[in-house]
1. Determine which single condition GLY210 fails, assuming it passes every other condition in (1) on the phi < 0 side of the Ramachandran plot; (2) at pLDDT below 95.
2. Among what's in the stretch 117-134 and is out of contact with any helix residue (DSSP H, G or I) (no Cβ under 9 Å at 6 or more places or on another chain) and not in a strand (DSSP E or B), pick the residue that is most open to solvent (accessible area, probe 1.4 Å).
3. I need a count of the residues in the stretch 267-282 that are assigned to a strand (DSSP E or B) and within 22 Å of HIS351 (Cα to Cα).
4. What number of residues in the stretch 158-179 are closer than 26 Å to GLU303 by Cβ and in a helix (DSSP H, G or I)?
5. Among the residues of the stretch 250-263, how many are assigned to a strand (DSSP E or B) and either open to solvent by 10 Å² or more (accessible area, probe 1.4 Å) or within 14 Å of SER180 (Cα to Cα) (or both)?
6. crowded, with 17+ Cβ neighbours inside 10 Å and within 16 Å of ligand 2 (Cβ to nearest atom): is that true of VAL178 in this structure?
7. Yes or no: the stretch 71-78 includes at least one residue that is loosely packed, with under 14 Cβ neighbours inside 10 Å and either farther than 23 Å from GLN38 by Cα or near ligand 1 (Cβ under 9 Å from one of its atoms) (or both).
8. Of all residues in the stretch 199-240, count the ones that are assigned to a loop (DSSP other than H, G, I, E, B), within 30 Å of VAL297 (Cβ to Cβ) and among the charged types (D, E, K, R).
Amino acid sequence: MQPGYYFEDSVQQQERERIFARCWNFVGFAEQVAEHGQFLTVEIGGTSVVVQNFQGELRALHNVCTHRFAKIQEEKCGKRALTCPYHGWTYDKEGTPFIPGNAKYFQLDDAGRKARALRSFKLEQCGRFLFVRLAEEGPSLPQYLGPYADILLHLSEIFTDQVDDQRSLWQANWKLGVESVLEVYHVGLVHPESFKNYVQARWEIDVGEGFNNGVAYLSENSAKWWDGVRQRLKLHQSQRFPNYDHFFIFPNLAIGLSHGCLMSVQTYTPLTPQTNELHYRIFMAASDLEAGRQAAVRKAVVENVTTFNRVILGEDQHIMEQVQKGNAQMSMAPVHGSNEARIRKFHQHWHHWMSLASGENAKRD
Ligand code: FES
Ligand SMILES: [Fe+2]
């Protein structure tokens, strides 16, 4: 990947059309939109999308009113009818507007109102993970996720207790955000007091068919700490992922698991070519404790893991903002060692989608 790919407008425009419009994008969790009227909004490649619950049915629609183009839902999530805040056009699950004063001012018949319907997008879910695709044609979500479909189903069952939800604006291209989590080569220097003590300097990578995974082994102290937490809080630990297991699903979903007890879910959404928004959520495994029991222990654990995560992500943000500045001064391509093979795999995926002509979007490497 040439350095220019991290800051050029033309590259971002192509990414919007070739990657973000054609791939399945992770947008949120089913529990955020479980009830009628609940919604969440996301930006996908420059398109504002609302996922809204209509009497139990989820729909993904363009979040821009077709009257005079105000954004309809302004919040990241909430509970509210799909009503434009400007003049009150209200949309149904097909995206068709009910128009206040229609008979008097517009005289639109059914066909006329339908012609003003919001664009509708593909929405599928895997367990509690919701995905949206803007392009009409393309692989189904299970095809797209390949071996990750089964993993997301498993994680959906285990990690049901959300303990944090944060966003931060990075002065760095979204791809640098992604790259920050795909290797542990940087851990000793960038995270000397935090992540370095958390894991052993032992790391295995799987960039085989369909995968972009890494597993590190927790340090003895962290494993002990997590075992204590698991017992005190009676957590339903994932037996499948007992280490520090990390997954990346193209284009921008990263998932890290700690001792099968904690899951961190991160997305790096491109804003401008030189900025991205990190959105991360932390979940603990479900617990067998009755509500209210061990409240002080739980509070201390939540405080510990949320602070720890914030520190690490802040350290990553700092270094990647330096990398962004450095890229602008270079004309050669970066070089990746074998310990950075997950970044190479990410770049392969990126080139794959960028080089597909339109109409070829059903393919996947
Ligand atoms: S712009 Fe939405 S109702 Fe007028
Ligand atoms: Fe890091």
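1. Result: GLY210 fails condition (1) only.
2. Checked the stretch 117-134; the qualifying residue most open to solvent (accessible area, probe 1.4 Å) is ARG119.
3. Result for the stretch 267-282: 5.
4. 2
5. So the answer is 5.
6. yes
7. Scanning the stretch 71-78 turns up no residue that is loosely packed, with under 14 Cβ neighbours inside 10 Å and either farther than 23 Å from GLN38 by Cα or near ligand 1 (Cβ under 9 Å from one of its atoms) (or both).
8. Selection size over the stretch 199-240: 2.
The values are calculated or read from the model by the stated rules, or taken from the named source; none is laboratory data. Source: prediction; values computed, not measured. Cβ atoms come from the backbone with ideal geometry, glycine included; neighbour counts cover every protein chain shown. The protein model used for the area step is the full one, side chains on, heavy atoms only, and it has no ligands, DNA or RNA in it. Shrake-Rupley method; radii C 1.70, N 1.55, O 1.52, S 1.80 Å.
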